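Reviewing the structure listed below.
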Amino acid sequence: MTSRVLKIRTPEGVVFSQILAGPVVRFVAWFADVLVISAVMGLLGFLIGLFGLISMDVATAVYLLMYFVVSIGYSLAFEWFWRGQTLGKRFFRLRVVDAEGLKLQFHQVVVRNLLRFIDTLPLFYAVGGTACWFTRKFQRLGDIAANTIVIRIPKIPEPDIEQLVAGRFNSLRQFPHLEARLRQNVEASDAALALQALLRREDFDPAARVSLFADLARHFQSKVAFPTEATDGISDEQYVRNVVDILFRTRG
Amino acid sequence: MIIDLPRFIANGRPFWQELEGFLARLESEPVSNLTIDEVKRFHFLYERCASDLTRLAANAEPETRAYLETLVARAYGEIHETRSSRTRLHPFRWFFHTLPQTFRKHLRAFGLALAITMVGVIFGAMALAFDPDAKQIITPFPHLLGDPAERVAREESAANDRLADAKTSFSAHLMTHNTKVSILALALGMSWGVGTIILLFYNGIILGAVAFDYVRAGQTEFLLGWLMPHGVIEIPAILIAGQAGLVLAGALIGWGNREPLGARLRAVGTDLMTLIFGVAILLIWAGFVEAFLSQYHAPVFPYWAKIGLGTVELALLALFLFKSGSTAAKS
């Protein structure tokens, strides 16, 4: 399943997007939470069992109440105090947020967690999972009632552009008029593609890397033809690096 | 437009980091208040960051764009949220004002829940009146399948306490079980109310069948003494849970309400929470009473005392639900 994105337009006209978490990853996160709850209840059961040596009646009552409180209160407490995350959701980088981008309210956390009672019916989140598959925003019934969504929060490394383009001799800069023409002729999307190729160059197979940069170099050469003295002796990858330097860094 | 990305990042970074600092503070301390100057600065940083986001073309630089989108999304939630984030607890005020006011706000839904249950009660009683064998199907509790008179005689002459060493756990079982049923009654509101109606109707059938069975056997006093101490709290609690389910269903269906679904559900969210928390509190009391008092009959507890207690509880509950917090609401 491809990831879906929810776009939100602010009153100022700014558009930002949230990556929606699909049913499968949400199920896995829930399963992780179930393991945590089971572990907690196992530990509590052991401790309460010791208390049973004094009064089995009271120990049973405490266990029943604790099981009820932990099974319902776990998600409720974590999602409130960790702003939409349980241990499972944090591990899988998921977060519950308001469906309209607003601040998550306590009643939303309560409603979405209480409605698990029907989302889990009859077994293994069959109702909630089905609702998730068929709703545009991957919402189970609890999410619909609480007006919440679950989003993915990918790790966002800040691009280190300086290390790509700074401190190296750029032979293309010897021809300012062609440099200007290159800026004029290259589309923003092509420039972004070249930048991404350079940022992710270590992730490619060697053959794919050579082929990719050859294609990119050929593409940029078709936009503006630099004299041979500017391009002789430099690899395709270095050529693309020089192009990106020109496109993303103004002189001075 | 292809922007000078290193310069763009270098210029924007101090503002982005300052905004991140504000957000971290607001997110870690939900009840903290910013000063006027801090609010102005926070708003400026949000707009500055939003402006940077719009300057970046959609496909210009995905990582920086994603980073800015995350910042703007977090700040947007803080800036544009107009609902009160009352995270400080005021239990006394909540219980004596908010809960009864919320109950009265949705009185029609409560009336409907009561009517559905009463139809179930009549149906259950009539089913038993016309077909005594229906008792085997309608009554889910094995100890209620026998002759009521025999049960009364057995319990009134019991020499031993059958709940000895089990009262606390029985009480806990009742509390958790009834609370689960109540939550289910609320949650089934998402079936456009159909599930809630069925659950209320079914509860009514059981209640009607059991009541008719004991009345027909001439055991009305026992029935009242047995059910009233806890039932006058437990039954209204289930009805309030049904009320919450019907409120949810009403918001889902949206009859006569032109607002979008999200807005309708958003409008009832706090009320649903209030009602179900109120139900849980009522059921804790009912669970105690049922385990520690209701199961003991004459001569241990005379029936007049149990019926009297039930009557007082019912009067207090009615007074609480219909009157508590009404002065504060008017003022």
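Please treat every number below as a calculation from the coordinates, not as lab data. This is a predicted model, so every value here is computed, not measured. So basically every Cβ, Gly included, is an ideal-geometry build from the backbone, and we count neighbours across all protein chains shown.
Worth a mention:
- By the count of other C-beta atoms within 10 Å, a proxy for reagent exposure, B:ILE284, B:ILE197 are ordered fewest to most as B:ILE284, B:ILE197.
- Under a Gaussian network description of chain A, with springs only between Cα atoms under 10 Å, the residue in A:LYS223, A:LYS103, A:LYS137 that fluctuates furthest is A:LYS223.
- Alpha carbon centroid spacing (whole Å) that separates the stretch B:171-236 from the stretch B:289-331: 16 Å
- For chain B, a crude dipole built from +1 on the beta carbon of Lys and Arg and -1 on the beta carbon of Asp and Glu, taken about the Cα centre, is about 860 debye to the nearest 20.
- Among B:GLY124, B:GLY189, B:GLY111, the residue with the largest mean-square fluctuation in a Gaussian network model of chain B, with springs joining Cα atoms closer than 10 Å, is B:GLY111.
- Residue of B:ASN178, B:ASN33, B:ASN203 that the Gaussian network model of chain B assigns the largest fluctuation, springs spanning Cα pairs under 10 Å: B:ASN33
- Tail beyond 25 Å, pair distance distribution of the stretch A:41-154 (Cα, percent): 32 percent
- Pairwise Cα distances in chain A exceed 31 Å for 51 percent of all pairs.
- Largest to smallest principal axis extent of the C-alpha atoms in the protein assembly as shown, angstrom: 113, 55, 48
- Each residue of the stretch A:122-137 was assigned a 3J(HN,Hα) from its phi angle through the Karplus curve 6.51 cos²θ - 1.76 cosθ + 1.60 (θ = phi - 60°); the sequence is x, 8, 6, 6, 4, 5, x, x, 5, 4, 4, 4, 9, 9, 4, 9 Hz, with glycine and proline shown as x.
- Projecting the Cα atoms of A:HIS177, A:VAL127, A:ALA21 onto the charge dipole of the protein assembly as shown (Cβ charges, centred on the Cα centre) puts A:HIS177 farthest toward the positive pole.
- Size of charge dipole - the stretch B:223-331 - debye, nearest 20, with Cβ of Lys, Arg +1 and Asp, Glu -1, no other charges: 340 debye
- Taking every C-alpha pair closer than 8 Å and separated by at least 6 residues, the mean separation divided by the residue count of chain B gives a relative contact order of 23 percent.
- Neighbouring Cβ atoms from other chains, within 10 Å of the Cβ of residues in B:72-81, number 6 on average.
- All lysines inside 30 Å of B:LYS135 as judged from Cα atoms, apart from same-chain residues fewer than 8 positions distant: B:LYS167, B:LYS180, B:LYS306
- Computed about the Cα centre, the dipole magnitude for the stretch A:195-236 is approximately 160 debye when only Lys and Arg (+1) and Asp and Glu (-1) carry charge, each at its Cβ.
- Each peptide among B:240-253, A:178-191 gets the average number of other Cβ atoms lying within 10 Å of its residues, and from highest to lowest they stand as B:240-253, A:178-191.
- Amide H contacts under 5 Å for A:THR148: A:ALA99, restricted to partners 5 or more places along the chain or on a different chain, H placed in the peptide plane at 1.01 Å from N.
- Once you reduce the stretch A:178-200 and the stretch A:29-101 to the center of their Cα atoms, the two points are 52 Å from each other.
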